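Contents: one structure, followed by commentary.
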DNA sequence: CCGATGAATATTGTATACAGAATACCGACC
DNA sequence: GGTCGGTATTCTGTATACAATATTCATCGG
């Protein structure tokens, strides 16, 4: 099965990759013509991708002034975090019982996460994969898609945090405790620990940004 | 203060208006060139608006096959409803105490809603305004924006329901009970009634779609 | 009569062109 | 030397052009 993906989608991911790589630092202006020449496409798909990123909160679009990478602000982090936390709790709630096979996979991811030293991007990828795996049983596809999109925001903050604070996430402990509760089929405790996990993460990042 | 709004935004609202007016029924193909000529603009801003609507779930975009109005499906309604319900509960939770002045305004909207007979669009507008007013104290602006965007989906379903089922919403009773709880400063009860209100609404619409 | 096949048409996705606004640069004046 | 004003350039927002793909319709064969 061959798949033809629109150029705008490829450009979208390419721009995100550049932002994550730190190639496009916060507050940096993003000129569509530059990107177009760099990526070897025309301005049209580039602009479509940039408009989407602007709607998702990664870029800022001022009328007549084009696009710029959104600066990292604690307020935005906390706002997005509150939303994402709530939606992930909903997704976990809607998921039926988590099958043991998936719990095992979660543990596996956690072990890998604990073993990762220094590689910030790998760390973030694994963390996001952990969450995605946890919620992959949620039947509300639209919710899953929305969560996936919203992750764009915390990713940026986590990346900056892990990079500059030089600290790897301590989330593996939280993860383990959540898994443990799920193993016991104690949804109540799992949910509470999940909330706590999110709360702590948001606060940690927020405090760092406001340093 | 003069404001120059991009054409894409005007086109966006124009297309939404046509969908609400029933001018563009579900499953109807939407040709960008047609819209461009009808609205007297070029294809570029039209396409930008359509891409946004597609991302918001109002339109469907198949690669190479353009856009079409998304058909109404109970599953989509329930999925969006679950998300929106949760987010509005979060927003209410984040709102501090609702000042009496706003409670009065909510009552006012409700009275107008109860007095509205037959005018479906007015009815939906008032209902949405009631919710917006209730949550306008929420400091999480991003959450408010997201809620506002998400309302696009239930609006379509409510409209179709009220039109064809010919029944005006019974939500004023629910609203009144929520306001009553808020007056007593009983957040717990208010939240519970708010949940109930959403649950009932979603079920009612869902059952009707699956008729 | 129905289905398949092919050309003609229509429509999308992308590229390029153009006009107006915003920014940067430069000189003159205080 | 600093600041204001004007001009030139850059860049955005929009329009148009082009190529490739999907759709439609008609014709042909079974």
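Residues considered: A:72, A:92, A:84, A:51. Of these, the only one that is in contact with a helix residue (DSSP H, G or I) (Cβ under 8 Å, 6 or more places away or on another chain) and either facing chain B (nearest Cβ under 8 Å) or within 16 Å of DNA strand D (Cβ to nearest atom) (or both) is A:51. In the stretch B:99-120 there is at least one residue matching the filter, namely being farther than 29 Å from residue A:4 by Cβ, within 14 Å of the chain's Cα centre (by Cα) and at pLDDT below 90.
In summary, residue A:154 fulfils each of the numbered conditions (1) under 17 Å from the mean Cα position of the chain (by Cα); (2) under 19 Å from residue A:96 (Cα atoms) with the single exception of condition (2). Residues that are closer than 26 Å to residue A:134 by Cβ and crowded, with 18+ Cβ neighbours inside 10 Å were ranked within the stretch A:54-69; the one that is nearest to the other protein chains (Cβ to nearest Cβ) is A:57. Here residue A:41 meets each of (1) away from every other protein chain (no Cβ under 14 Å); (2) more than 11 Å from DNA strand D (Cβ to nearest atom); (3) modelled with pLDDT of 90 or more; (4) within 23 Å of the chain's Cα centre (by Cα) with one exception, condition (4). Before we move on, is residue B:142 under 30 Å from residue A:73 (Cα atoms), without any contact (Cβ under 8 Å) to a residue 40 or more places away in the chain, under 14 Å from the mean Cα position of the chain (by Cα) and in a helix (DSSP H, G or I)? Answer is no for this residue. Scoring residue B:24 on the criteria (1) in contact with a strand residue (DSSP E or B) (Cβ under 8 Å, 6 or more places away or on another chain); (2) within 12 Å of chain A (Cβ to nearest Cβ) leaves a single failure, condition (2). Touching a residue at least 12 places away in the same chain (Cβ under 8 Å) and either within 16 Å of DNA strand C (Cβ to nearest atom) or buried (at least 17 other Cβ atoms within 10 Å of the Cβ) (or both): which single residue out of B:51, B:87 fits that description? B:87 is the lone residue from the list that is touching a residue at least 12 places away in the same chain (Cβ under 8 Å) and either within 16 Å of DNA strand C (Cβ to nearest atom) or buried (at least 17 other Cβ atoms within 10 Å of the Cβ) (or both). Scanning the stretch A:1-21 for residues that are within 14 Å of chain B (Cβ to nearest Cβ) and under 17 Å from residue A:52 (Cα atoms) yields A:5, A:6, A:7, A:8, A:9, A:10, A:11, A:12.
Report yes if residue A:79 is buried (at least 17 other Cβ atoms within 10 Å of the Cβ), under 21 Å from the mean Cα position of the chain (by Cα) and more than 25 Å from residue A:9 (Cα to Cα), otherwise no. Spelling it out, residue A:79 is indeed buried (at least 17 other Cβ atoms within 10 Å of the Cβ), under 21 Å from the mean Cα position of the chain (by Cα) and more than 25 Å from residue A:9 (Cα to Cα).
Residue-wise test of (1) in contact with a strand residue (DSSP E or B) (Cβ under 6 Å, 6 or more places away or on another chain); (2) within 22 Å of residue B:95 (Cβ to Cβ); (3) away from chain A (no Cβ under 14 Å).
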site: B:141; (1), (2), (3): no, yes, no
site: B:148; (1), (2), (3): no, yes, no
site: B:151; (1), (2), (3): no, yes, yes
site: B:160; (1), (2), (3): no, no, yes
site: B:188; (1), (2), (3): no, yes, yes
site: B:198; (1), (2), (3): no, yes, no
site: B:210; (1), (2), (3): no, no, yes
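The values are calculated or read from the model by the stated rules, or taken from the named source; none is laboratory data. Keep in mind it's a predicted model, so treat the numbers as computed, not measured. Because the Cβ atoms are built from the backbone with ideal geometry, glycine has one as well, and the counts that use them run over all protein chains shown.
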